[in-house]
Structure formats: C-alpha cells, structure tokens
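Below: one structure, written as structure tokens.
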Amino acid sequence: MEKPENCIIVIFGASGDLTKRKLIPALYKLFEHDLLPERFAILGVARTELTDKKFRDAVFQFTGSGESNNELRERFKRHLNYIHLKDYSPAEFAGLNKKLKSLDAELETGGNCIYYLATPPGAFEDIVLSLGVEKMQFQGENNWKRLIIEKPFGNSLESAKELNRRLCRIFNENQIYRIDHYLGKETVQNIFVTRFSNGIFEPLWNRNYVHHVEITAAESEGIGSRGGYYDQSGALRDMVQNHLLQVLGLIAKEPPSSIRSEAVRDEKLKVFESLRIMKPEDVESHVIRGQYVANKIGREIVAGYREEMGVERESHTETYVAIKLFIDNWRWGGVPFYLRTGKRMPAAVTEAVIHFRPTPHSLFRGMDGSLNQLVIRIQPDEGMLLKISMKVPGRGYNVQEINMDFHYSELAGQYVPGAYERLLLDAIEGDTTLYARGDAVEACWNFIQPIVDAWQKYPGIKLFGYPAGTWGPENADDLIEESGLTWRYPCRNLSGEGSYCEL
Ligand code: BG6
C-alpha cells in the first residue's frame with residue numbers, strides 16, 4: 001500500500017492524559033502496521049519542562065510491553081521530540097517555529113505539518129492565534145498544514161460559533177479536523193456501509209417501515225477524576241451534542257452522491273438541520289435528566305455523583321439524559337427517535353436499534369405486537385443482530401423471536417484499527433470524511449441549546465436521582481412507554497439498596 005506523505009505531527013498538550021492514553025498508543029499502532037509515512041516526526045509541545053528522553057519515557061506507558069517489540073519501540077521512540085514553552089504566546093511560538101523548521105530540514109518532511117490540540121479548550125484560542133502570528137498555517141503549492149482539535153467544540157451555540165469564527169480567521173475550514181472519536185469506530189462507519197450496500201435494508205429505511213429508533217450509550221463507570229470538567233458539562237453536552245447525534249446522523253441521512261468527504265458530510269448536515277427544535281414548554285416532557293446517587297450493590301458501596309472529586313455538593317449537572325426527538329423531513333416524518341446516555345449504568349453498551357413496524361395483522365399466536373429489530377452493536381461485542389419471528393417446531397403455528405447474530409470478532413485475523421488510529425491516519429492522508437464540519441457542529445448545537453436554556457430558565461424541571469448501577473431514572477421509562485413501547489433495557493429494574501428520588 002502506498003505510504004502517506006512525509007510530515008511532522010505537533011501535539012500541543014503533550015504532557016497530558018490524552019497524549020499518553022490515546023495519541024501515542026494510536027501512533028505507535030500505526031507504526032507497528034507500517035502505516036505511518038516513510039519520514040515523520042512527532043513533536044510534543046507543553047508547558048511542563050521535560051527533556052526528549054523524559055518525554056519519551058513519560059508518554060510511552062500505554063503502548064504495551066514485551067520483549068518481542070522492544071526493538072520496534074526503540075525505533076518509534078526516536079521519532080519523538082519535545083519542546084517546552086513557557087506559555088502559548090506568539091513570543092514562544094517563534095522558538096517552536098524554528099524547531100519545526102529545523103526538524104523539517106533534517107528529516108525532509110516537505111513542510112507538511114499537523115497541529116494537534118490536545119489541550120483543554122481554554123488554550124485553543126491562544127495556540128491558534130500564535131500559529132497565525134508566526135504564519136505557521138500557510139500552505140505552499142506542494143505542502144499542507146492541518147489542525148486537529150478535540151471536543152468540546154464550545155459549550156453553547158454562541159461559543160461554538162465564536163470558536164468556529166476564530167479558527168476560520170487563521171485556518172481554512174478544509175484545514176480543520178474536529179475529532180469525534182465515535183466516527184472513528186469501525187461499527188459506526190459500518191452503519192453507512194450496511195445502509196448503502198444492502199438492497200434489503202435501504203427500501204425499508206424510512207417512515208413507512210420503521211416504527212421508531214433507539215440509540216443508547218450506557219457507561220458503567222462514573223466520572224472518575226474528571227469531575228472538574230464534567231460538572232461544567234453534563235451528559236447532554238458531553239455525549240449527546242456530539243457522539244449520539246453523529247450516530248443519529250449516520251442512521252438518518254440520505255445516500256450521498258459519492259463517498260467524497262463533502263458529499264458525505266453535506267448529507268449529515270441536512271439531518272441535523274431537520275431536527276425538530278424543542279419549544280421550552282416541551283422540554284420537560286421530551287427530555288428526562290438524571291444524576292446517579294449512592295447505591296449499595298451486593299457488598300459494594302458506590303458513591304453518588306455529588307460525592308465525586310471536583311463536583312459541587314449541590315450540583316445539578318445531569319449524568320443521564322434521555323430524549324425523544326423527531327426529524328422533520330420526507331424520510332423520517334413522524335418517526336420518534338429515542339436517545340439516551342448515562343454514567344454508572346449496569347453495563348457499558350453502545351447500540352442503535354431500528355424497530356420495524358409490525359405486520360398489519362397478527363395471524364399467529366405469540367407474535368402480538370412484536371417488532372423486528374435490527375440491533376447495531378457499536379460496543380462492546382461489536383456486531384449486528386437481526387431479531388425475527390420463526391415457527392416453534394412442533395404442532396400448530398406458535399411463533400417465537402430468534403436472533404441472527406453477527407460478531408466482528410468472527411472476522412479473525414483482520415486488523416481492526418482503533419478509533420484514534422483510524423482518525424489520525426485519515427488526517428495524515430487529508431481525508432476529512434470522518435471529522436465533524438463546523439456547520440454541522442453548529443447545527444447540533446442549535447438543537448441542544450433550547451434544552452439547556454429551558455433547564456436554566458425553569459429550575460422546576462426535575463432532575464431525577466437514580467441509584468448507581470441502574471438503567472437511569474424510572475421516568476425515562478414513561479418517556480417511551482407513552483407510545484406503548486419499552487427500552488431494550490428498561491429502567492425499572494432496581495438492583496441494590498438505593499432508591500429513586502428527586503434532586
Ligand atoms: C468522551 C466523553 O467523549 O467519550 C466521556 O467525554 C465518555 O465522558 C467517552 O466516557 C465515551 O467514549 P467511549 O469510546 O468509551 O464510548
């Protein structure tokens with residue numbers, strides 16, 4: 001396979017957690033599979049004082065160990081460099097620019113460069129401005145400069161627009177890669193392929209045959225050491241505004257004219273623009289928010305959200321949200337989409353379920369009200385499950401539901417790149433398809449902002465406490481049950497000694 005063009009990858013925030021846990025391990029994996037350019041360097045930039053050697057040792061903790069790959073690890077390490085900046089001011093960037101130029105000349109990387117902002121969002125503006133002052137964003141005829149930024153892309157519609165304006169003053173939109181790691185997941189990309197490469201699904205994929213759609217991203221962990229960030233964010237901003245809406249975009253979009261990046265991203269934008277904006281008075285009935293409270297499960301006592309480090313004792317931040325929404329367009333008119341996500345749930349499961357309409361009349365015993373389901377298992381146990389009705393062997397015509405189940409793990413021997421590997425490689429190759437575009441991010445915010453505003457304006461909208469280790473507040477069951485439906489994992493299955501409450 002052809003190797004990508006030579007380049008330097010500059011990582012800002014290089015002493016941070018993201019670099020250690022995600023970026024360096026992903027780059028190392030790409031190196032292991034011989035997918036990185038012939039000549040490349042990784043230049044870590046941060047405010048911590050470190051030598052090249054210390055940086056290499058520090059970031060190399062999560063790349064796996066073992067005698068066999070020691071030689072490879074040593075070779076990879078030689079590509080890692082570090083520069084310490086006092087701050088992200090233009091004065092400091094003169095030194096950075098000089099260092100980059102000398103690396104470029106030494107390695108003959110042709111002036112190609114990726115700037116990866118792995119810093120807290122507060123630093124984005126200074127970094128981009130300073131890159132601009134040093135003219136480090138300019139591309140020549142034969143070289144390129146790209147900017148990768150990590151979420152959050154703003155924490156409101158206004159701030160997202162402002163961020164886009166600021167980025168676009170220095171970089172062109174097609175140089176900006178907004179990373180949403182959900183789009184890097186194999187199973188998320190497979191939604192696109194399943195829809196548009198199978199004659200059997202596409203004719204059914206609309207309001208005539210789809211009854212409703214359910215998207216769940218449940219996490220069993222709490223917020224860990226991220227209380228400071230999370231308490232300002234909450235589940236709606238942290239998971240729905242980006243990851244869940246991106247999955248929804250893939251499920252709901254029209255076929256693009258080709259798989260060209262802009263064609264694919266244009267179609268997703270149209271979905272986001274068709275999301276029905278909620279009126280303030282509808283928020284309480286269409287959005288259920290919750291926060292986990294302490295629970296004793298077996299012998300284990302699990303702390304509540306308000307007891308977590310970095311969280312306000314009276315915090316009203318939601319760790320769970322369930323939404324009923326509609327897409328007002330030709331394909332999806334009237335089909336409810338149910339989205340939910342939460343921390344401290346009984347299991348870590350991310351999946352999308354397409355529930356098809358029932359037959360017009362039930363002929364057989366046992367099939368009353370049963371809907372065929374296509375379950376797209378995003379993680380774990382990646383795969384796809386089709387639930388259909390079959391005859392129970394023996395006398396009469398009794399019907400039971402059976403599973404046609406495919407697991408990705410059955411594709412043994414296939415190298416499946418992790419989300420960050422895939423996305424980094426795409427950025428190196430200049431493919432923006434799996435990155436969020438500025439207008440799409442704003443369109444998502446346009447849907448989210450009225451919910452945030454209503455919560456702020458009407459403090460009477462309830463925040464429900466759900467015991468850690470359960471499927472969220474029981475009121476989320478009501479959200480879906482009013483249409484005579486149930487979640488695939490209903491909430492009213494209490495485990496442990498905790499109880500539901502209002503906060
Ligand atoms: C991140 C959120 O973007 O996604 C985290 O900030 C969340 O709060 C994580 O835990 C979930 O990602 P994944 O890949 O584990 O589903």
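The values are calculated or read from the model by the stated rules, or taken from the named source; none is laboratory data. None of these values were measured; they are calculated from a predicted model. Positions of Cβ are generated from backbone atoms using ideal geometry, with glycine treated the same way; all protein chains shown enter the neighbour counts.
Looking only at region 293-319, how many residues end up being in a strand (DSSP E or B) and surrounded by fewer than 22 Cβ atoms within 10 Å (Cβ to Cβ)?
5
Within region 330-355, count every residue that is buried (at least 18 other Cβ atoms within 10 Å of the Cβ) and more than 30 Å from Ala294 (Cβ to Cβ).
Selection size over region 330-355: 8.
Within region 250-277, take every residue that is of a type in the set (Gly, Ala, Ser) and over 16 Å from Trp330 (Cβ atoms) and give me the one that is farthest from the ligand (Cβ to nearest atom).
Within region 250-277, the match that is farthest from the ligand (Cβ to nearest atom) is Ser257.
Going through Ala454, Ala443 one at a time, which residue ends up being buried (at least 18 other Cβ atoms within 10 Å of the Cβ), within 21 Å of the chain's Cα centre (by Cα), closer than 30 Å to Ser233 by Cα and in contact (Cβ under 8 Å) with a residue 12 or more places away in the chain?
When all the criteria are applied, what remains is Ala443.
List every residue pair whose Cβ atoms lie under 7 Å apart, where the two residues are 6 or more positions apart in sequence or sit on different chains, the first residue falls within region 27-49 and is touching a residue at least 12 places away in the same chain (Cβ under 8 Å) and closer than 24 Å to Leu96 by Cβ, and the second residue, located anywhere, is acidic (Asp, Glu) and in a loop (DSSP other than H, G, I, E, B).
Listed by first residue and then by second, the contacts come to Pro37/Glu5; Arg39/Glu108; Arg47/Asp87.
When Glu401 is evaluated against the numbered criteria (1) acidic (Asp, Glu); (2) free of Cβ contacts under 8 Å to residues at least 12 places away in the same chain; (3) touching a strand residue (DSSP E or B) at 6+ places or on another chain (Cβ under 6 Å), which criterion, by number, is the only one it fails?
Every listed condition holds for Glu401 apart from (2).
Considering only region 221-232, state which residues are part of a helix (DSSP H, G or I) and either touching an Asp or Glu at 6+ places or on another chain (Cβ under 7 Å) or surrounded by 19 or more Cβ atoms within 10 Å (Cβ to Cβ) (or both).
The answer is Gly227, Tyr230, Asp231.
Can you say whether Ala218 is closer than 26 Å to Thr486 by Cα, among the small types (Gly, Ala, Ser), surrounded by 14 or more Cβ atoms within 10 Å (Cβ to Cβ) and within 16 Å of the ligand (Cβ to nearest atom), as far as the supplied structure shows?
So Ala218 passes the test.
Could you please find all residues in region 181-212 being farther than 30 Å from Asp426 by Cα, touching a residue at least 40 places away in the same chain (Cβ under 8 Å) and either within 12 Å of the ligand (Cβ to nearest atom) or of a type in the set (A, V, I, L, M) (or both)?
Result: Leu204, Val210.
Among the residues of region 239-270, write down those that are touching a Pro at 6+ places or on another chain (Cβ under 8 Å) and free of Cβ contacts under 8 Å to residues at least 24 places away in the same chain.
Scanning region 239-270 gives Ala263, Asp266, Glu267.
Could you tell me whether any residue of region 305-318 is of a type outside the set (Lys, Arg), within 22 Å of the chain's Cα centre (by Cα), within 14 Å of Leu479 (Cα to Cα) and at pLDDT 95 or above?
Scanning region 305-318 turns up no residue that is of a type outside the set (Lys, Arg), within 22 Å of the chain's Cα centre (by Cα), within 14 Å of Leu479 (Cα to Cα) and at pLDDT 95 or above.
Step by step: first the residues of region 128-177, then only those that are more than 24 Å from Ala91 (Cβ to Cβ) and small (Gly, Ala, Ser), then the one that is nearest to the chain's Cα centre (by Cα). Which residue is that?
Among those that are more than 24 Å from Ala91 (Cβ to Cβ) and small (Gly, Ala, Ser), it is Gly154.
Taking region 358-382, which residues are away from the ligand (no atom under 16 Å from the Cβ), closer than 24 Å to Asn190 by Cβ and either touching a residue at least 60 places away in the same chain (Cβ under 8 Å) or in contact with a His (Cβ under 7 Å, 6 or more places away or on another chain) (or both)?
Result: Leu371, Gln373, Leu374, Val375.
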